[in-house]
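The values are calculated or read from the model by the stated rules, or taken from the named source; none is laboratory data. Model, not experiment: these values are computed from the prediction. Cβ placement follows ideal geometry from the backbone for every residue including glycine, while neighbour counts extend to all protein chains displayed.
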Amino acid sequence: MSNNNSREVESALDLSRRLGLSFSNLSLLTRALTHRSYVNEYSAVEDNERLEFLGDAVLDFIVGAWVYNRFPEMPEGDLTKMRSALVRNEQLAKFARNLDLGHALRLGRGEASSGGNKRDNLLGSAFEALIGALYLDAGLTAVDAFVNPILEEVRDSILNEIHDPKSQLQEWTQSQKLGAPRYRVIGTSGPDHAVIFEIVVEIAGIIKGSGSGTSKSYAEHAAAQDALNNLGLF
């Protein structure tokens with residue numbers, strides 16, 4: 001088989017060792033890495049689509065449980081947003097890239113030569129298939145132990161994505177035809193290596209919120225949240 005982008009395809013055994021996953025049935029992992037384009041050329045093997053289906057369901061549960069337990073005060077609507085952001089294909093593809101999963105994908109010659117191991121749809125599906133294989137081989141506890149550290153790594157970025165007070169405030173001001181919020185530094189404090197910025201946010205020339213932070217971005221974030229609170233929008 002042609003290799004993926006001039007790199008030899010990593011074996012399922014090598015991948016399992018690199019990821020610290022002790023598969024008792026290595027054929028499950030091999031199947032999880034096998035795209036249907038490979039099957040079209042080597043018909044004696046099974047592709048990863050059934051494992052992808054299973055992994056999708058397992059991930060929904062594991063991620064839902066993680067979000068529920070990790071954020072005990074988060075309302076149901078935000079829990080749903082958080083889970084959806086974590087299991088969408090684009091995010092799963094990022095997880096796959098971080099694991100260098102593309103290096104281990106078994107692709108048909110055409111798919112390999114066209115860079116299939118870098119495409120989001122193939123990578124996201126492969127990640128789901130990996131989860132499905134791990135579930136069948138070792139159960140939910142093993143999946144939980146594998147997935148939880150991956151989720152922790154993106155916790156803050158996903159939180160910012162689903163709850164960005166600056167975006168929420170701007171959406172509201174636009175809906176009210178009040179123009180864009182204006183952020184203004186009104187002071188700084190602290191030593192040069194740890195400056196604290198004091199920022200206010202104005203809507204139609206009137207101060208609606210204030211905030212402070214170790215960067216202008218953090219201070220604007222806090223000011224926007226304060227404005228949302230003062231306006232009764234959060």
Could we say that LEU151 is at pLDDT 95 or above and in a helix (DSSP H, G or I) here?
yes
Residue check, VAL185 touching a strand residue (DSSP E or B) at 6+ places or on another chain (Cβ under 6 Å), more than 22 Å from ALA85 (Cα to Cα) and surrounded by 17 or more Cβ atoms within 10 Å (Cβ to Cβ)
no
What are the pairs, 6+ residues apart or on separate chains, where a residue within segment 67-94 that is more than 16 Å from ASP156 (Cβ to Cβ) has its Cβ under 6 Å from a residue that is outside any helix (DSSP H, G or I)?
none
How many of the residues in segment 23-35 are in a helix (DSSP H, G or I) and either modelled with pLDDT under 95 or of a type in the set (Gly, Ala, Ser) (or both)?
2
Looking at the structure I just gave you, is ALA112 aliphatic (A, V, I, L, M), in contact with a strand residue (DSSP E or B) (Cβ under 7 Å, 6 or more places away or on another chain) and under 23 Å from THR34 (Cα atoms)?
yes
How many residues does segment 23-68 contain that are surrounded by fewer than 16 Cβ atoms within 10 Å (Cβ to Cβ) and either hydroxyl-bearing (Ser, Thr, Tyr) or closer than 26 Å to PRO149 by Cβ (or both)?
11
Could you count how many residues in segment 89-132 are hydroxyl-bearing (Ser, Thr, Tyr) and surrounded by fewer than 21 Cβ atoms within 10 Å (Cβ to Cβ)?
2
